[in-house]
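Structure first, then comments.
The values are calculated or read from the model by the stated rules, or taken from the named source; none is laboratory data. This structure is a prediction, so every number in the text was calculated from the model and none was measured. Ideal geometry is used to build each Cβ from the backbone, glycine not excepted, and the neighbour counts take in all protein chains shown. Surface accessibility is based on the protein's heavy atoms, side chains included, excluding ligands, DNA and RNA. Shrake-Rupley method; radii C 1.70, N 1.55, O 1.52, S 1.80 Å.
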Amino acid sequence: GGRVSGVSASVPLVCAPCSGGTFSTAAAAAQGEQCVACPVNTIQIGASCVCKAGTFTPDGAANIACRDCPEGARCEGGSTAPENLDGYAAVGNNSFVLCPIRGACLAGSRCARGYGGYLCKDCMPAHFANARGECHSCPAAAAGAFAFFVIFIVAAAVASLALFVYASRTPRSERTQGDAPRKTVALGPLLRKRMMPASISMVIQALQIVSVLATAPFSWPPAAQRALNGFALFSLDVNVFASECTLGSFGAKYAAAMIAPVVFGAVLSLVTLVFIACRRVIPSCRARLAKVGLVDVLLASVFAVGPLIYLPLARATLVLFDCRTLPGSKHMWLKAALTKRCFDAQWWPLFPVGMMGVALYVIGIPALILITLLRNRSRLFTDSVVVAKFGGLYKLARRPFFALPVWLMGKKLAIAIASPFLSLTPSLLIAALLCVILVAGLIQSSVKPYYFPLYDRLDLSLTTLLSVLLVCGIVLYSDNAGNPNVRTPPQAHFVVVVVFLAVAALVAVAVSFVVFDIREVLFERRQGVPSTAFEQLARKRMRALLIDVEDTADFLRHVESSSVSDLSTATETSDIELVEQRGALTDAHTVSSASS
């Protein structure tokens, strides 16, 4: 570069060096201009002005103004083009976007090990994607893990039949000729009898929600993420068994997840038919084993297992319909498997399978339970046959809240819909999860829907700890501005500690309540009546309600001196009105506690 001393045709050009930070071009010389300052964001190197560090020009040209480095890129200056940072991917035209899979994109337009393709979204051969879309190497025993999953389904079907037979057995004292039980059965012990500790299923369902929070876009630090991922097993996620390594594709994995409950039903039907044949053919089986029907067994399995697996099953069904766009692509992609496009020749064959899942599982399970409860509403607490068939659905709930299972599945459905479809707009996802978990928890804590106070306390404890985890996720998301690649700020480490404390408290609460529940169930099996603690509470609540009723002195003295089994014997007869009166008394403690 230089400057011009004159432009007359008769006077030769005399060039002199430009001072620092200025330059001259041939065009400037032709116009008779002197040295001019370097453009914005440039520095002089030799005879040219080039981009300084942190800026760039689209074509790398010198002596023109440079632009600020785009977000997600590193600009070394000079004539070099911007280069993506870790966690970002280039999409052309010097534009960069967040990597759709955390940890997949590396600086220098490279993909992490196991990833490849556009935006590093594809899992390479011998790798599979987990629930968050992260690629992992297929384990050496992938086929064995999937075989274990199949064996688990078969074992669960056999166990379901065994539990049904055990629950359906008729005590010897209530048998007459052959297998015909007496028509009149005392509803007291039968109505509230607990075969298994209900706290176990409540804890499992809470841990399934923890698994949902683990997959939410809350920018969990790696240590917290690993702690939360430990609960994925309770969500019955087929990815835990690396099923894609064995089945070979997302389509096969999705079909297997949708067919698994059907396989469970088929195995259960086959085992039941073998059981029925054994009972009919072998006299010893007929004498020792209870009479069962195929339809009753299938319904009982749906009522027992359906609410327990509803959340993971609904989420697994709805992933087929969760599609998103990707920068630089005109197609829609499955969020659960970014290698697969929506609405293409490979997606449409899965559409009928997905609609079957929606009809059978997402809508069918709660609809079947609700219809069953409503059709038998007048006999739920008075008919021993109805109690024996469907009591497992509602007998843990107080009478006004007999539809409690449907309410709980509605809460799970809201979570199952929000977690995938709102994940790209975390603010809406946060609002939805807060609404479902907190509002539903407040309602349940106020009405106390469970017959046994133990379960109300457990539900409140689990809801509180889930809320703490959710708030921690919200804080971490806010601190990182929604960008998982931002380094965790120092103040967020305190939140991580709270996450670990909440997880530890969740495990401690689960263990303590389950142990206490098992003790109560074992006591009831030995005594045939509710536990001593419940007896005392029942007497207190009944006396508080009946103290102002005239001519009840004798009854009150009987309440003070009698056990719950005595009250059941005194009130449970074939007279439906007396049975209804007894039902009101057994629920008295929860009504009184709610009013107090």
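The number of residues in the stretch 48-71 that are out of contact with any Ser or Thr (no Cβ under 9 Å at 6 or more places or on another chain) and within 20 Å of residue 326 (Cα to Cα) comes to 1. For the stretch 290-322, taking the residues that are open to solvent by less than 60 Å² (accessible area, probe 1.4 Å) and outside any helix (DSSP H, G or I), the one that is modelled with the lowest pLDDT is identified as 290.
Within the stretch 195-233, work out how many residues are surrounded by fewer than 19 Cβ atoms within 10 Å (Cβ to Cβ) and within 30 Å of residue 391 (Cα to Cα). Final tally of qualifying residues: 6. With respect to the conditions (1) open to solvent by 50 Å² or more (accessible area, probe 1.4 Å); (2) modelled with pLDDT of 90 or more; (3) under 22 Å from residue 510 (Cα atoms), residue 392 lacks only one, and its number is (2). The residue that is surrounded by the most Cβ atoms within 10 Å (Cβ to Cβ), among those in the stretch 98-124 that are of a type in the set (Lys, Arg) and closer than 22 Å to residue 220 by Cβ, is 121. Give the residues of the stretch 451-481 that are closer than 30 Å to residue 400 by Cα, out of contact with any Ser or Thr (no Cβ under 8 Å at 6 or more places or on another chain) and hydroxyl-bearing (Ser, Thr, Tyr), sorted by residue number. Result: 461, 464, 467. Filtering the stretch 336-361 to residues that are open to solvent by 70 Å² or more (accessible area, probe 1.4 Å), at pLDDT below 90 and either in contact with a Cys (Cβ under 6 Å, 6 or more places away or on another chain) or under 21 Å from residue 417 (Cα atoms) (or both) leaves only 341.
Output the residue which, of all residues in the stretch 215-228 that are in contact (Cβ under 8 Å) with a residue 60 or more places away in the chain and part of a helix (DSSP H, G or I), is nearest to the chain's Cα centre (by Cα). The extreme case among them is 215. Set side by side, the residues 442, 433, 408 differ, and just one is more than 22 Å from residue 196 (Cβ to Cβ), hydrophobic (A, V, I, L, M, F, W, C), in a helix (DSSP H, G or I) and touching a helix residue (DSSP H, G or I) at 6+ places or on another chain (Cβ under 7 Å), which is 433. Residue 410 falls short on exactly one of the conditions (1) in contact (Cβ under 8 Å) with a residue 40 or more places away in the chain; (2) open to solvent by less than 10 Å² (accessible area, probe 1.4 Å); (3) farther than 21 Å from residue 228 by Cβ, and that condition is (2). In the stretch 437-461, the residues that are farther than 17 Å from residue 513 by Cβ and open to solvent by 10 Å² or more (accessible area, probe 1.4 Å) reach residues that are hydrophobic (A, V, I, L, M, F, W, C) and modelled with pLDDT under 90 with C-beta atoms within less than 8 angstrom, at least six apart or across chains, in these pairs: 446/594; 447/594.
Among the residues of the stretch 193-209, the one identified as in contact with a Phe, Trp or Tyr (Cβ under 9 Å, 6 or more places away or on another chain) and either within 22 Å of residue 101 (Cβ to Cβ) or of a type in the set (Lys, Arg) (or both) is 194.
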